[in-house]
Amino acid sequence: MLIRLLLSVASSTVALAGGAVIDCSTAGVALLGEDLNRLCVVVEPLGRDASLWVGTGLVAFAILALFSTWVPAMRRSRLRQLDPVATLQDNLSRLVEIESDPNPARSGADVLHAVRLTRRLEAIESSMATDIVPTREVTEQWMHLLREANDLHNKGELSTDDFKQINTRLLDLFSPPAEPGQTRALTGSSSTGQ
């Protein structure tokens, strides 16, 4: 858009110069009224006929430049407005192609974070398996691991599937899974379902 505006200003300047040259060569035509920057003195050695043709050529060139600058842009915008359905269908088919990829490539950092968190989770699970009541140190490790998994997932450095798996295992350490016919309350206690 900026280039079209700059070309329009340049073409208008050329058209103005062509009009001034025509004004200098023809006594009966008074387009500008007075000599701009003493242009008539410069074109006077060419003669009246030659300066008339130069001025006409400059004006014609400016008009052609304006048309070649703006007509293709207007045609493209009109074509876009006339066929929005085809454009929408093209874009929708592109979106379906993107979403149809079932296994997006996982980054090495994503896999590394998942493996590291899983190993730490296994260490906490083994520590809690021997104790009926977890020690303060194990509880702090559990809380730190839960926060770290959440932070990595929020930053996009841990996939949603890995986060769900790790998060579920972490939460199950302090609240056993519900048995059939029971629902788990927010506090971790279970009550009979109705």
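The values are calculated or read from the model by the stated rules, or taken from the named source; none is laboratory data. Keep in mind the model is a prediction, meaning the values are calculated, not measured. Neighbour counts are summed over all protein chains in view; Cβ atoms, including those assigned to glycine, are modelled from backbone coordinates with ideal geometry.
Laid out as a table, the results:
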quantity	calculated
Neighbours by Cβ (under 6 Å, 6+ apart or cross-chain): first from the stretch 102-115, under 15 Å from Thr160 (Cβ atoms); second modelled with pLDDT of 70 or more and not polar (S, T, N, Q)	His113/Leu152; His113/Glu157; His113/Leu158; Ala114/Asp162
Scope the stretch 15-53; condition on the phi > 0 side of the Ramachandran plot and modelled with pLDDT of 75 or more; matching residues	Gly47
